[in-house]
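Since the structure comes first, as structure tokens, the remarks are kept for the end.
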Amino acid sequence: MSGNQEPILVKEESVVGIPTPLLKLKSWQWWVLVSINIFFLIGGQAASVLLGRFYYDQGGNSKWMATLVQTAAFPILYIPLLLLPSSSSSAESSETSCSLKYIVLIYVLLGVIIAGDNMLYSVGLLYLSASTYSLICATQLAFNAVFSYFINAQKFTALILNSVVLLSFSAALIALNDDADTPSGVSRSKYIVGFVCTLAASALYSLLLSLMQFSFEKILKRETFSVVLEMQIYTSLVATCVSVIGLFASGEWRTLHGEMEGYHKGQASYVLTLVWTAVTWQVCSVGVVGLIFLVTSLFSNVISTLSLAVTPLAALVVFRDKMSGVKIMAMLIALWGFASYVYQNHVDDLKVRRARQQAQAGRVEPPC
């Protein structure tokens, strides 16, 4: 691939629309940005899930605290935001940007959704093993394919449908697994609650990704990486405020001191676990929003599904999670569904590149 080629995997409408900063990037530069965000997403998600399970295993029991740490570290994102150069076309930015009240409304709405979604994930992780939790989260891709179709006008091809069906089968296998490994002290009824909460969280998360992509394309209309960081910072601020309110309204704040004193690995480990969980969640979130900005919400969710190859295996090593035959089969089916979408994305890329080449050839004037 030539270094002067345009990046692939970008949205097809960008080819015929107004040029954006992304289209000015060389192919290798675009791939570097995408690769960095993929690393952030996969590494951050795997680490945060393992740390969250570690928190519960070592004596942590506050669902609202587990929810709070998923967004509480957002102030660290001000560092890269301050290092980014300010936009030189402020006039253009003011013309294309929506009014402040709409921006605030977007951040508040998305922030509340994030808080509710994080709470569902916290309940799911409390009652499920890390590997089972991760496999259920794979249904995000199926949900996002549906939401992207209705909200983002994403094409719904046979391969995408195949991916949705396979991921649904994978989740069904986990749900019907009578020999499911659960954390100690978790009954079958609590396992079902954890399954339902994680499944609901996956659906809500997929809706959130599609709404973010819609906000970038139709409302905010600013294509700089600073808007990605601003989106993450201010929605996390709202979600953190909601989580703090929930922590105090539920009365769980009264148990935190005793929880820290009774933590199996000691008080210092308790604090470090919460701190690093908060940091890794923010790293993951930057990767998620960055891939929405660079590619699409569906692609971002597909990369999240790659945690199937990372988190369950890491949980097998760290927590000695069981890898039953049913769980292995569910993983293989989910990976098959993932491969179906990747191939469809490859086919779409070829079409986009061919359209660009034809458009460029049409703009070349014939020799005199």
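If residue 191 satisfies every condition in (1) farther than 25 Å from residue 219 by Cα; (2) open to solvent by 40 Å² or more (accessible area, probe 1.4 Å); (3) not β-branched (Val, Ile, Thr) but one, which is the exception?
Evaluating residue 191 over (1) farther than 25 Å from residue 219 by Cα; (2) open to solvent by 40 Å² or more (accessible area, probe 1.4 Å); (3) not β-branched (Val, Ile, Thr) leaves (2) as the failure.
Inspect all residues belonging to the stretch 75-87 and state whether any of them is modelled with pLDDT of 90 or more and either at negative phi or under 24 Å from the mean Cα position of the chain (by Cα) (or both).
Yes, the stretch 75-87 contains a residue that is modelled with pLDDT of 90 or more and either at negative phi or under 24 Å from the mean Cα position of the chain (by Cα) (or both).
Quick check: is even one residue across the stretch 220-242 over 27 Å from residue 79 (Cβ atoms) and surrounded by fewer than 20 Cβ atoms within 10 Å (Cβ to Cβ)?
No, the conditions are met nowhere in the stretch 220-242.
If I go through the stretch 273-305 residue by residue, how many of them are of a type outside the set (A, V, I, L, M, F, W, C), in a helix (DSSP H, G or I) and at pLDDT below 80?
6
Please verify whether residue 135 is modelled with pLDDT under 85, touching a Pro at 6+ places or on another chain (Cβ under 9 Å), open to solvent by less than 20 Å² (accessible area, probe 1.4 Å) and within 30 Å of residue 74 (Cβ to Cβ), treating the condition exactly as stated.
Yes; evaluated as a whole, the condition is true for this residue.
The values are calculated or read from the model by the stated rules, or taken from the named source; none is laboratory data. These numbers were taken from a predicted model, which means no experiment stands behind them. All Cβ positions, even for glycine, are placed from backbone atoms using ideal geometry, and neighbour counts span all protein chains on display. Remember, those area values only see protein heavy atoms, side chains included, never the ligands or the DNA or RNA. Shrake-Rupley method; radii C 1.70, N 1.55, O 1.52, S 1.80 Å.
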